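Novice: Take this structure first; my questions come after.
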Amino acid sequence: MDNINPPDDHPATTQDPDTPYDHHPAGGWGSLQGIARIAADSHTSAVAAKILATLNKPGGVMCSSCAWAKPKDPGTFEFCENGAKATMWELDRNRAGAKFFADHSVTELQGWHDHDLEKSGRLSEPLRYDRDQDRYLPVSWDDAFAEIGKELAAMAPQKAVFYASGHAGLEASYLYALFARAMGHQNLPQSSNMCHETTSVNLQTFIGTPVGTCTLEDFEHCDTIFFFGQNTGSNSPRFLHILKAAVERGCRIVTFNPVRERGLIEFADPQSPGQMTITKPTQISEKYYQVRPGGDIAVMTGLMKCVLEAEDAAPGTVLDQTFIAQETTGFDETVALVRNASWTEIEAHSGLTEGMIREAAEIYLSADNAIGIYGMGLTQHVNGWLNLGMLCNLLLMRGNIGKLGAGISPVRGHSNVQGQRTVGVGEKSAQMPADKLKDLFGIDAPTQEGLNAVHACEGILDGRVEAMISLGGNLVRALPDSARMEAAWPRLRLTVHVATKLNRSHLAPGQVSYILPCLGRTDRDVQASGPQAVSMEDTFSHIYASLGGAEPPSPDVLSELAIVAGLAKATLPANPRLDWDGWVANYDQVRDLIAQTYPDDFADFNGRMMQPGGFYRGNPARERNWKTESGKAQFTPPTTLSALGEDPGGDPVLTLITLRSNDQFNTTIYGFSDRLRGLKGSREVVLINRAEMARLGLSEGQKVSLITAIEPDVVRRVMDFSVTPYDLPDGCVAGYYPELNPLVPLSYHEKNSQTPAYKGTPVRIVA
Ligand SMILES: Nc1nc2c(c(=O)[nH]1)N[C@H]1C(S)=C(S)[C@@H](COP(=O)(O)OP(=O)(O)OC[C@H]3O[C@@H](n4cnc5c(=O)[nH]c(N)nc54)[C@H](O)[C@@H]3O)O[C@H]1N2
Ligand SMILES: Nc1nc2c(c(=O)[nH]1)N[C@H]1C(S)=C(S)[C@@H](COP(=O)(O)OP(=O)(O)OC[C@H]3O[C@@H](n4cnc5c(=O)[nH]c(N)nc54)[C@H](O)[C@@H]3O)O[C@H]1N2
Ligand SMILES: [Mo]
């Protein structure tokens with residue numbers, strides 16, 4: 001089949017004005033139809049059905065979509081609509097090989113839609129950009145490694161950046177992190193830098209762990225779950241089964257989200273014949289509050305006020321006084337500011353009424369065990385640190401961290417994003433211990449901290465960075481200020497993409513530029529010692545093996561681990577302790593190195609990784625062992641009530657939130673339907689409520705431009721977006737990532753971690 005939906009034919013996005021959102025439950029028949037459509041549309045190979053049957057099960061393939069847990073007692077189908085889409089997308093029978101690249105120049109491909117680029121199929125041989133022909137031409141692996149190695153070896157190590165998207169397994173990731181440090185730098189930004197870095201940095205400060213404290217077991221014992229800014233129905237659909245079970249045993253769910261996301265409203269289990277045909281879908285959220293973007297600090301301040309009032313009314317019965325006294329610091333200062341905050345201010349920032357917040361607080365107070373869940377709605381804000389600080393505060397007041405059925409639970413994105421950090425992919429020295437580098441390999445660790453994603457971009461713009469190696473991902477599209485970054489990219493001396501499918505980042509070639517095709521998670525990976533498994537860590541810090549079973553796209557496609565080893569060997573001076581060939585031959589050896597480097601987390605790695613449900617690497621905060629500066633859990637005073645940056649002043653601005661549709665995985669656009677939001681057609685839309693439309697004099701379907709309202713000396717604009725009425729709070733607009741990324745300034749990010757503020761950019765609409 002030809003590329004579907006070429007850009008010009010994309011119909012206008014439609015939404016029935018009388019049904020402001022889809023009325024069908026998440027899951028249900030729609031999800032089965034979604035899978036069927038992708039299967040028909042993606043030239044999926046026959047092996048897909050077999051792979052899907054093993055997905056997320058011991059001995060099978062661990063889904064390459066999200067980082068949700070793989071339970072030890074999986075269902076018959078332990079996959080969701082979006083996991084199936086990701087799997088089938090990878091098992092594409094189309095090939096983007098020499099012929100494809102001979103037929104299409106890079107300039108021509110730059111005009112293609114993201115969807116159509118990936119639809120060209122799996123990359124099947126190494127390619128080098130030829131500037132005279134403006135084409136990628138086939139090249140041998142030996143020549144590719146040799147030239148890239150020569151380029152890197154000639155460069156001051158600090159000028160190279162090694163990015164990782166969260167796909168690659170722990171083995172390849174560890175070697176990648178080792179390669180960078182052996183070369184002499186730790187410029188190791190990762191997709192987490194655009195995602196949960198707010199979590200990694202700030203939870204470390206507050207409770208002494210960079211990751212969440214919950215495990216699946218907690219969801220069997222919690223009495224309430226407070227949800228902030230995480231879209232379960234699209235982004236971690238298997239979680240809906242856990243929520244359904246929790247609700248059915250009486251757990252009460254409260255959601256704060258500007259968008260009424262279907263999955264958090266109701267869910268019909270597509271694997272339950274009964275629920276699909278006879279019984280009603282399960283109501284998920286008992287209360288659903290459409291908070292304003294950036295309004296969560298105010299909400300949580302209000303909730304804390306109510307908890308304090310209840311304690312005042314019945315002293316000694318509401319707060320966990322013993323826990324607060326023994327395990328925490330900063331309580332009094334925090335409480336003083338919470339008491340001081342006025343309901344008028346809280347209502348203004350949150351867009352909710354005092355009554356609503358009091359109602360939610362009643363539910364929080366009724367629970368012995370509470371879990372706080374969050375996603376990008378809290379992390380991608382300038383004051384994301386305080387969003388998380390407030391959620392910790394709320395939980396800590398009642399001792400809700402470090403006991404069964406309670407805790408703070410960020411939902412991670414990429415399937416191995418958390419694990420890559422665990423095994424050293426990160427710009428900080430602490431991420432790969434210097435003594436281990438010395439003992440195991442005789443390497444002196446770099447002393448200078450490396451560049452994160454924002455700092456690497458600044459380096460590209462000002463010329464400090466000369467080489468960008470990408471282990472997966474699509475940085476040019478995913479980054480903030482994407483138009484500026486796309487223009488700056490070709491100034492790089494060297495760009496190398498290790499990838500499964502073609503994307504826009506590959507079409508901004510540096511002076512020397514390669515695309516190196518790699519195996520995906522579903523592909524069989526056979527090396528000298530036989531078939532190899534790889535491993536990943538989920539959002540609950542459990543580690544599992546994944547064993548691919550599909551025929552690789554071509555004999556010219558190498559594993560990520562083999563590519564990393566090939567690059568390292570060609571770059572670094574010979575060192576008998578860096579046994580790249582031996583490691584490629586048998587990944588067990590790499591896991592032994594990981595176990596030796598991180599013995600607390602990975603002891604007996606090879607012995608444990610096949611264990612059903614994975615093995616748990618533990619979390620000190622879960623045991624109330626606070627690895628913070630003070631040795632205690634830290635309360636954080638709410639010094640502001642808004643997660644947004646400074647109001648730019650001037651004409652009134654709208655807060656832009658950038659969303660994922662149900663038909664995409666990050667920059668991979670599967671199709672043009674956002675079924676759960678009742679939207680389909682073009683993605684170039686600006687969602688806005690009818691009252692705001694009237695106030696701004698806009699009509700439905702009108703084409704408008706959006707302009708960023710900060711840093712007015714740099715023009716950031718997107719044009720020809722269709723005004724689409726949608727049920728949103730006042731004062732905000734929404735649209736899709738990555739189409740709106742040119743609007744987000746690189747400098748507009750979370751304060752402590754530099755995570756871009758993709759959910760809180762001030763914009764103006766221009767008719
Ligand atoms: N199918 C699919 N699955 C995915 C992905 C995908 O693209 N597609 N991406 C993966 C990745 S890398 C990640 S990080 C995760 C992302 O998963 P999520 O964390 O769910 O991220 P988003 O979809 O960006 O947005 C989350 C929600 O935040 C809400 N929101 C926006 N601003 C605010 C705010 O100020 N306050 C509150 N309370 N809510 C707000 C939005 O309405 C949205 O519902 O999903 C992963 N899983
Ligand atoms: N405006 C806005 N921008 C955002 C966000 C947002 O919410 N709003 N979210 C941010 C977040 S949370 C994230 S995580 C980033 C995502 O940023 P990235 O991780 O950089 O982007 P992806 O779209 O996930 O990368 C897709 C590409 O990965 C490659 N790929 C797929 N599978 C594999 C594999 O197995 N191995 C290898 N080597 N390559 C593979 C394919 O070539 C594919 O084209 O985007 C961020 N950008
Ligand atoms: Mo992410």
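Novice: Roughly how large, in nm² to one decimal, is the mean projection of the convex hull of the alpha-carbon atoms in the chain?
Specialist: Seen from a random direction, the Cα hull of the chain projects 30.2 nm² on average.
Novice: How large is the charge dipole for segment 197-415, taken about the Cα centre, if only the Cβ atoms of Lys, Arg (+1) and Asp, Glu (-1) carry charge, to the nearest 20 debye?
Specialist: 640
Novice: Now for a different question. Extending each Cα 7 Å along its Cβ direction at Asn625 and Asp651, get the distance between those two points in nm, one decimal.
Specialist: 5.8
Novice: Further question: What ³J(HN,Hα) values, in whole Hz, does the Karplus curve 6.51 cos²θ - 1.76 cosθ + 1.60 give for segment 670-687 when θ = phi - 60°, with x put for Gly and Pro?
Specialist: Calculated HN-Hα couplings, in order: 6, x, 10, 10, 10, 3, 5, 9, x, 10, 8, x, 5, 8, 8, 10, 10, 7 Hz.
Novice: Consider just the alpha-carbon atoms of segment 654-766 and return their Rg together with their Dmax, both in angstrom.
Specialist: Every Cα atom of segment 654-766 included, Rg and Dmax give 13.8, 40 Å.
Novice: Turning to a different aspect of this structure: Please turn the phi angles of segment 499-510 into ³J(HN,Hα) values with the Karplus equation 6.51 cos²θ - 1.76 cosθ + 1.60 (θ = phi - 60°), one per residue in order, whole Hz, x for glycine and proline.
Specialist: With the stated coefficients, segment 499-510 comes to 8, 9, 9, 6, 9, 4, 4, 6, 9, 10, x, x Hz.
Novice: Would you grab the residues whose amide H sits under 5 Å from the one on Leu659? Only those 5+ places off in sequence or on another chain, please, with H modelled 1.01 Å from N.
Specialist: Amide H to amide H, under 5 Å and 5 or more residues apart or across chains, Leu659 pairs with Gly735, Tyr736, Tyr737.
Novice: Moving on. Dividing the Cα radius of gyration by the Kirkwood radius, what Rg/Rh value follows for segment 197-415?
Specialist: Computed over Cα atoms, the ratio is 0.96.
Novice: Put +1 on the Cβ of every Lys and Arg and -1 on every Asp and Glu Cβ in segment 311-401; which of Cys392, Thr329, Ala313 then has its Cα farthest towards the positive end of the dipole?
Specialist: Among Cys392, Thr329, Ala313, the one farthest towards the positive end of the dipole of segment 311-401 is Cys392.
Novice: Still on this model: Counting only protein heavy atoms, what percent of the accessible surface of segment 643-765 is carbon or sulfur at a 1.4 Å probe?
Specialist: C and S atoms contribute 51 percent here.
Novice: Calculate the FRET efficiency for Glu354 and Ala49 from the Cβ-Cβ distance with a Förster distance of 45 Å, rounded to the nearest 0.05.
Specialist: The pair Glu354/Ala49 has a calculated efficiency of 0.25.
Novice: Whole-Hz ³J(HN,Hα) for each residue in segment 619-632, computed from phi via Karplus 6.51 cos²θ - 1.76 cosθ + 1.60 with θ = phi - 60°, x for glycine and proline: what do you get?
Specialist: Taking θ as phi minus 60°, the curve returns 7, x, 5, 4, 9, 6, 9, 8, 8, 9, 4, 8, x, 10 Hz for segment 619-632.
Novice: If you roll a 1.4 Å probe over segment 101-182 with all protein chains in place, what percent of the accessible area is carbon or sulfur?
Specialist: Working: 1250 of 2610 Å².
In segment 101-182, the share of accessible area belonging to carbon and sulfur is 48 percent.
Novice: Rolling a 1.4 Å sphere over the protein heavy atoms, what is the accessible area per residue of the chain, to the nearest Å²?
Specialist: In whole numbers, the chain has 34 Å² accessible per residue.
Novice: Moving to a separate point now. How much length is gained on full extension from Gln321 to Gln596, taking 0.36 nm per residue of separation minus their Cα-Cα distance?
Specialist: Full-extension gain reported as 94.9 nm.
Novice: Hey, another quick one. Given only helices, namely DSSP H runs of n ≥ 4 each adding -39500 (n - 2.57), what is the per-residue ellipticity at 222 nm of the chain, to the nearest 500 deg cm²/dmol?
Specialist: -9500 deg cm²/dmol
Novice: Please return the longest range in the chain lying between exposed loop sites, taking GluC sites (Glu not before Pro), DSSP loop only, at most 11 other beta-carbon atoms within 10 Å, and leaving the sites out. Walk me through the numbers on the way to the answer.
Specialist: Values: sites that count: Glu629, Glu646.
So the longest stretch without any such site is 1-628.
The values are calculated or read from the model by the stated rules, or taken from the named source; none is laboratory data. The structure displayed is predicted, hence computed values, not measured ones. Counting neighbours? That spans all protein chains shown, and the Cβs are built from the backbone with ideal geometry, glycine included. For accessibility, only protein heavy atoms count, side chains too; no ligands or nucleic acids. Shrake-Rupley method; radii C 1.70, N 1.55, O 1.52, S 1.80 Å.
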